[in-house]
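Asks: Quick one: the structure is below, questions incoming.
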Amino acid sequence: KTSNARGVLALPPSRYRSSSLQEMLDGIVGLRSVKETIRQLEAYALFAKQAEGQGLSMPKTNLHMAFMGNPGTGKTTVARIIATMLYKIGIISQNKCVEVTSKDLIARYVGHTDKQVFDVVQRARGGVLFIDEAYALTETSSGQEALAILVKAMEDRKGELVVMLAGYDRPMRAFLDANPGMASRIGYRLRFEDYEPDDLAEMLRRK
């Protein structure tokens, strides 16, 4: 679907246009290192699609991500941009970003957490699952149960689901360090720096 008879990647403009990513990134002030990581991700995703179009067998790419930074630094916005980019390239089948918090993965009643996680994963299947305050899953036994189920889903659903975990910098680092199973499934770590005064001034000018 994405290559011509010679095996050359030939996505129609309506399916993917590289400049569209740049336009989306230009709409965000600051976050220079995050933007560079996204561009590298785009380059690799296009390479993988081109190789696939030439009939080469590519391993399933680990696209699960951890976003670390303070509130208001653009984590949710970037998640939506990445979801759109991955969809347009053809890495995920649906242009959607299901946004939840850690509390949405924990059932109110004992024994229901597995179904709660399953339902959330099913809603996000084919797209991106964005979990804010992910480190809070370690605070209760029900949360740890949900975390174990989520880790398994990230492995079993690789290729049809991208999970993005977000939260404050220090708690997220501690969370990943304490959970080697989760850490091993994270392919990208993006740190969202606080905005500099010049960035804030630019935001005001744009407003």
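Asks: Taking the residues in region 48-69 that are hydrophobic (A, V, I, L, M, F, W, C) and open to solvent by 20 Å² or more (accessible area, probe 1.4 Å) as candidates, determine which candidate is farthest from Gly167 (Cα to Cα).
Replies: Leu56
Asks: I'd like the full set of residues that are surrounded by 21 or more Cβ atoms within 10 Å (Cβ to Cβ) and either small (Gly, Ala, Ser) or without any contact (Cβ under 8 Å) to a residue 24 or more places away in the chain (or both), limited to region 107-126.
Replies: Once the filter is applied, which keeps residues that are surrounded by 21 or more Cβ atoms within 10 Å (Cβ to Cβ) and either small (Gly, Ala, Ser) or without any contact (Cβ under 8 Å) to a residue 24 or more places away in the chain (or both), region 107-126 yields only Ala124.
Asks: Which condition from (1) closer than 22 Å to Gly74 by Cα; (2) modelled with pLDDT of 85 or more; (3) part of a helix (DSSP H, G or I); (4) open to solvent by less than 20 Å² (accessible area, probe 1.4 Å) is the one that Ala45 breaks?
Replies: Evaluating Ala45 over (1) closer than 22 Å to Gly74 by Cα; (2) modelled with pLDDT of 85 or more; (3) part of a helix (DSSP H, G or I); (4) open to solvent by less than 20 Å² (accessible area, probe 1.4 Å) leaves (1) as the failure.
Asks: Inside region 119-207, counting only helices (runs of 4 or more DSSP H) that do not spill past its ends, which hold 3 or more residues that are farther than 24 Å from Thr61 by Cα and touching a helix residue (DSSP H, G or I) at 6+ places or on another chain (Cβ under 9 Å)?
Replies: Filter on region 119-207 gives 141-156.
Asks: Can you tell which of Glu145, Glu139, Glu133 is in contact (Cβ under 8 Å) with a residue 12 or more places away in the chain, more than 27 Å from Ile91 (Cβ to Cβ) and open to solvent by 10 Å² or more (accessible area, probe 1.4 Å)?
Replies: Of Glu145, Glu139, Glu133, the one residue that is in contact (Cβ under 8 Å) with a residue 12 or more places away in the chain, more than 27 Å from Ile91 (Cβ to Cβ) and open to solvent by 10 Å² or more (accessible area, probe 1.4 Å) is Glu145.
Asks: Identify the single condition in (1) surrounded by fewer than 19 Cβ atoms within 10 Å (Cβ to Cβ); (2) farther than 15 Å from Val117 by Cα that Phe175 does not satisfy, given that it satisfies every other one.
Replies: All conditions pass for Phe175, except number (1).
Asks: Here is a further query. Go through region 107-152 and give me each residue that's among the aromatic types (Phe, Trp, Tyr) and closer than 18 Å to Ala174 by Cα.
Replies: Across region 107-152, the qualifying residue is only Tyr135.
Asks: Give just the number: which of (1) modelled with pLDDT of 90 or more; (2) in contact with a strand residue (DSSP E or B) (Cβ under 7 Å, 6 or more places away or on another chain) does Leu9 not satisfy?
Replies: The one condition Leu9 does not meet is (1).
Asks: Based on this model, can you work out whether Gly72 counts as over 21 Å from Arg125 (Cβ atoms) and either out of contact with any Asp or Glu (no Cβ under 7 Å at 6 or more places or on another chain) or open to solvent by less than 10 Å² (accessible area, probe 1.4 Å) (or both)?
Replies: Working: over 21 Å from Arg125 (Cβ atoms): yes; either out of contact with any Asp or Glu (no Cβ under 7 Å at 6 or more places or on another chain) or open to solvent by less than 10 Å² (accessible area, probe 1.4 Å) (or both): yes.
Taking the combined requirement at face value, the residue satisfies it.
The values are calculated or read from the model by the stated rules, or taken from the named source; none is laboratory data. None of the values given here were measured: they were computed from a predicted structure. Cβ atoms come from the backbone with ideal geometry, glycine included; neighbour counts cover every protein chain shown. Calculation scope for accessible area: heavy atoms of the full protein, side chains included, ligands and nucleic acids excluded. Shrake-Rupley method; radii C 1.70, N 1.55, O 1.52, S 1.80 Å.
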